[in-house]
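Written below as structure tokens is the structure these notes are about.
The values are calculated or read from the model by the stated rules, or taken from the named source; none is laboratory data. Keep in mind it's a predicted model, so treat the numbers as computed, not measured. Glycine gets a Cβ as well: all are built from the backbone with ideal geometry, and neighbour counts include every protein chain shown. The area values use the complete protein model at the heavy-atom level, side chains included, leaving out ligands, DNA and RNA. Shrake-Rupley method; radii C 1.70, N 1.55, O 1.52, S 1.80 Å.
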There are 2 protein chains.
Amino acid sequence: MAQAAQTGQCADCPIRHRAVCSKCDADELRELEAIKYYRTFEAGQAVIWAGDDMGFVASVVSGVATLTQTMEDGRRQMVGLLLPSDFIGRPGRTRAAYDVTATTQVILCCFRRKPFEALMVDTPHIGQRLLEMTLDELDVAREWMLLLGRKTAREKIATLLAIFLRRGGGIPGPSLTSREFDLPLTREAMSDYLGLTLETVSRQMSALRKAGVIELVGSRHVRIPDIARLMEETGDDSDGGMLV
Amino acid sequence: MAQAAQTGQCADCPIRHRAVCSKCDADELRELEAIKYYRTFEAGQAVIWAGDDMGFVASVVSGVATLTQTMEDGRRQMVGLLLPSDFIGRPGRTRAAYDVTATTQVILCCFRRKPFEALMVDTPHIGQRLLEMTLDELDVAREWMLLLGRKTAREKIATLLAIFLRRGGGIPGPSLTSREFDLPLTREAMSDYLGLTLETVSRQMSALRKAGVIELVGSRHVRIPDIARLMEETGDDSDGGMLV
DNA sequence: TGTGCGATTTGATCCGGATCAAAGTCCCAA
DNA sequence: TTGGGACTTTGATCCGGATCAAATCGCACA
């Protein structure tokens, strides 16, 4: 959205700018235009369940959705956090592999699968853009694996807050050292993200509050008085994550 | 390798068949041929370190290598297991993001980056193939996240053994219910894969041995007397993993 | 045939996060 | 304005896996 605003183009649908057409070439956009439609989901609503037929691919226009995997006995792990401009679905796959759930109101820009795939064949740079995005997602997944496998509960929470900070707004400059925002996830969804229980998430949020790393207004609004201080808690190399 | 043998083509270099050229079209292969070269690494040898300049992309011809991430204090997490036909490197990235290490003798089929990227522009189906492979890797990463976040130590070990079983040989048919193989990883590398300590890996291997789920010949050779029994231990839906 | 060293196993103990339980808070609807 | 329900916090206790420590195995090499 921020980028769209900067270029003055494609204000209503990020996929034009970021997901498919990095140059906004007119001809290809006309094709995409013809097969796109919008859908809105309310907070808590399921977009699709794993195993369901999925006749579309989509780009998140606004709001937050999650990708989760569930084991037979109910253990759950989030495997994707979908923020505006993120892509949902995969060409060539007709059944959803994961549960997709809106955690806030979400607007999706959908493309029917078949025409989208046909368009990809004719338009190499849609495929190129999708490759770039998928490689970025793979990097995200690998950072996430380090978090799940090796970080402590406290580091996990700090890292998640840093991720919201990074993805929610611009990159903080030297003059901007504090930030505040609303958490788009419940404590339970945070626990699904981090591989913890919701009680541990709550306890560690309290611990970070008591340590002065964060301030809480209600349970969902967070203020970070000192971003550098938060980054120290993540276990990551100093501001490595913020520089990418 | 198995597939290459089946088609009777591309016996020496899997990238021809699986990584880049799913059809083995002659013209494109000639181009690839011109920029490819082989490198061999011994067990334990580093292929490249995170942050190093990386002038090539490559396909694993034989052997096993790993992708690992390390935190400042030494905590380590494996984020990729590279088996024959897997691809290393990413177009457009000049510095390695992860440590790559050979865990057995490894032969790589390398392509110098620049010519490879140039070739990708002219040859859409190389890009398409790479997109498919990257999407598959993303699915692997997401399964791995579920393992790291939610599985018990015993389930983790059983899952890893099942992964070796699946990727090491063909898909077991109804008549083939047992299998044996050499572990390509040390206990320590297994612990880096699973987000455990090496002591826990060793203990759980012993536990599975005592329970009759596996048999050990020395510490590295494993026999699985009953694959279905092993699958029960993984925590996954019954044989879901074997059917893909 | 030792000898030394890395890899592995096993034992004892500790601790971080899970589990079980009970309040507390907030918000919406009647 | 109050009652109910979802979400969150906090407390008490437990337990799986980490940590610290010490054998044991296996093998290349003198």
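Observations on the structure shown:
- Looking only at segment A:64-94, and only at residues there that are among the charged types (D, E, K, R) and within 12 Å of chain B (Cβ to nearest Cβ), the one that is farthest from B:Gly149 (Cα to Cα): A:Arg93
- Number of residues in segment A:201-219 that are more than 23 Å from the chain's Cα centre (by Cα) and within 11 Å of DNA strand C (Cβ to nearest atom): the value is 4.
- In summary, B:Val57 fulfils each of the numbered conditions (1) within 14 Å of chain A (Cβ to nearest Cβ); (2) open to solvent by 10 Å² or more (accessible area, probe 1.4 Å); (3) modelled with pLDDT under 95 with the single exception of condition (2).
- For segment A:123-153, the set of residues classified as of a type in the set (Val, Ile, Thr), modelled with pLDDT of 95 or more and farther than 19 Å from B:Asp136 by Cα consists of A:Thr152 only.
- The single condition from (1) away from DNA strand D (no atom under 16 Å from the Cβ); (2) more than 14 Å from chain A (Cβ to nearest Cβ); (3) in contact with a strand residue (DSSP E or B) (Cβ under 9 Å, 6 or more places away or on another chain) that B:Asp182 fails is (1).
- Among residues of segment A:122-157 being open to solvent by 50 Å² or more (accessible area, probe 1.4 Å) and within 16 Å of DNA strand D (Cβ to nearest atom), the one that is nearest to B:Pro91 (Cα to Cα) is A:Thr152.
- Hits in segment A:44-76 - residues which are farther than 20 Å from A:Gln105 by Cα and touching a residue at least 60 places away in the same chain (Cβ under 8 Å): A:Arg76
- Residue list for segment B:204-239, restricted to those being within 14 Å of another protein chain (Cβ to nearest Cβ) and in a helix (DSSP H, G or I): B:Met231, B:Glu232, B:Glu233
- The single condition from (1) more than 20 Å from A:Thr70 (Cβ to Cβ); (2) at pLDDT 95 or above; (3) touching a Lys or Arg at 6+ places or on another chain (Cβ under 9 Å) that B:Gly168 fails is (2).
- In segment B:124-137, the residues that are more than 7 Å from chain A (Cβ to nearest Cβ) form Cβ pairs under 7 Å with partners that are part of a helix (DSSP H, G or I) and modelled with pLDDT of 85 or more, at six or more places apart or across chains, as follows: B:Ile126/B:Leu119; B:Ile126/B:Met120.
- B:Gln77 being of a type outside the set (Lys, Arg) and surrounded by 18 or more Cβ atoms within 10 Å (Cβ to Cβ): yes
- Those residues of segment B:99-121 which are within 14 Å of chain A (Cβ to nearest Cβ), in contact (Cβ under 8 Å) with a residue 24 or more places away in the chain and open to solvent by 20 Å² or more (accessible area, probe 1.4 Å), in sequence order: B:Asp99, B:Glu117, B:Met120
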